C-alpha cells in the first residue's frame, strides 16, 4: 500500500544537497509528521532526511573517476529501486544530477510504481542533447525549472512543468552598505573597483590566473584610478600568487563577501558559471571568461548547441556581456573589453539596463518553497 506520509528525495551533489535542505525545511514546516528518506548530505540530514546513502559518497568527477566507481553507482541504483518498491512513497523528488536520476526514474517506471516523480532542475536540453526531452516527459510527472525560458520548451509536451525561480535568489546576502564595504576594503570612493572571480577549482585557477594578472598590470599602467580585488573560495589557496598580488596591490577577499564584492564593483571579471548569474542579479557589468584543455573544448563544441555560454546572455537570448572563451581569452581582449566599460559611459549604462531586464525575468525568491508546495500538492492528490 502506498504511504501517503513518505517522500523520497535524492540529491547526488553538494549543490543538490543545499537545494534539498531548503525543500525539506519547507516541507516540515507544512507537515512536521512527514517521513523523508533518500540520498542527501549533511544539509538535508540536519533538516530531517533519513539517508539511504550520503551525498558525500558521490564526491568523484570526470569520466575515469565515474568509470572506476561504476560498481558503487550500480549498488546505489539497485538499493534505491529496491527500497522505493518496498516503501512505496507517495512522491519522489529527484534534484539535479540528471544522468543518474533519469536512469533511476526509468528503472522505477519499469516496475510500475504508483509514486509520482518530480524533477527539480531541468536537464539542460537547450544546451545539448535535445532528444532527452522524450525521456523526461515519459518518466517524470512534474518538472520544476529554474530558468525562465525552460517552461516554454515543454509547452507542447504532456508534463506538468512549473517555473519556480532560481534558487540563487534565496542566497543573496548583503550585510554592508557601499560606504561600509569600501571602508572594509580600505579603498577610497574615488576608485573604480574591478573584482576578479577566477574560479573555485584548482585547475580553473591554473588556466586563468596568468592572463588575469597580466591584464591587471596593463590596466594599472593605463589608469591610476583602479582598485583590484580577487575573490577566494574557501577550497582554494592563492599562496603561489601572493607575491604578485602584493606587488600589483590586488586585495584578496574571502568568498563569504562575494555578494557585496559583486554589488559594489564597477566591473566584474568572472569565470563562466554561477558567478556570471550573480553579476546579473546585482546588475553589475561583467566580462565572462573560461578556458579548458583543448581536447575537452573540442568535445564541448560538438555537444553544446547554445550560441552563448554565460547565463545572462542565455537568458537574454542576446549578447549583453562580453564572453571570452578559450583562444579569445587573451590579455589584449580582456584589457580591451574592460577599457570599453571604463571609457564608454553609454555602453556601460546600456549593459546595466539589460542586466536589470534579466533580473526582472528571473522572478521572485522562494524556489525551495514552491518545490515543496508542488510535492505537497502531489502528496494530497
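No lab work stands behind these numbers, since they all come straight from the coordinates. What you see is a predicted model; the values in this text were computed from it and never measured. Because the Cβ atoms are built from the backbone with ideal geometry, glycine has one as well, and the counts that use them run over all protein chains shown.
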Which values of log₁₀ I(q)/I(0), to two decimal places, follow from the Debye formula for the chain at q = 0.09, 0.10, 0.11, 0.12 Å⁻¹ with a uniform point scatterer at every Cα? -0.58, -0.71, -0.85, -0.99
Roughly what would the spin-label model give for residue 345 and residue 5, points 7 Å off Cα along C-beta, in nm? 6.7
Mind checking the full-extension length gain between residue 203 and residue 225? Use 0.36 nm per residue of separation minus the Cα-Cα distance, one decimal, nm. 4.8 nm
Among 288, 244, 320, residue whose mean-square fluctuation peaks in a GNM of the chain (springs only between Cα atoms under 10 Å): 244
Using just the helices of the chain, give the 222 nm mean residue ellipticity in deg cm²/dmol: DSSP H runs with n ≥ 4 each add -39,500 (n - 2.57), and the total is spread over all residues, rounded to 500. -14000 deg cm²/dmol
When you count, for each residue, the other Cβ atoms within 10 Å and take the mean per peptide, how do 87-96, 321-330 rank with the highest first? 87-96, 321-330
In nanometres, the difference between 0.36 nm per residue of separation and the alpha-carbon distance of residue 332 and residue 127 is 70.9 nm
Cα-based Rg of region 223-381 per 2.2 N^0.38 Å, rounded to two decimals? 1.22
For residue 137 and residue 243, what is the calculated FRET efficiency with R₀ set at 45 Å and r taken between the beta-carbons, to the nearest 0.05? 0.20
Highest-fluctuation residue, 47, 258, 203 considered, GNM on the chain with Cα pairs under 10 Å: 203
For the chain, with a Gaussian network of springs between Cα atoms less than 10 Å apart, report the residue from 168, 71, 311 with the top mean-square fluctuation. 71
Taking the convex hull of the alpha-carbon atoms of region 1-143 and averaging its shadow over every direction gives an area in square nanometres of 8.4
Size descriptor, Kirkwood hydrodynamic radius, that averages inverse alpha-carbon separations across region 140-227, Å: 17.6
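If you take the beta carbon distance between residue 33 and residue 110 as r and set R0 to 30 Å, what does 1/(1 + (r/R0)^6) give as a FRET efficiency, to the nearest 0.05?
0.45
Give the relative contact order (percent, whole number) for the chain; include only Cα pairs under 8 Å separated by 6+ residues.
With pairs under 8 Å counted, the relative contact order is 16 percent.
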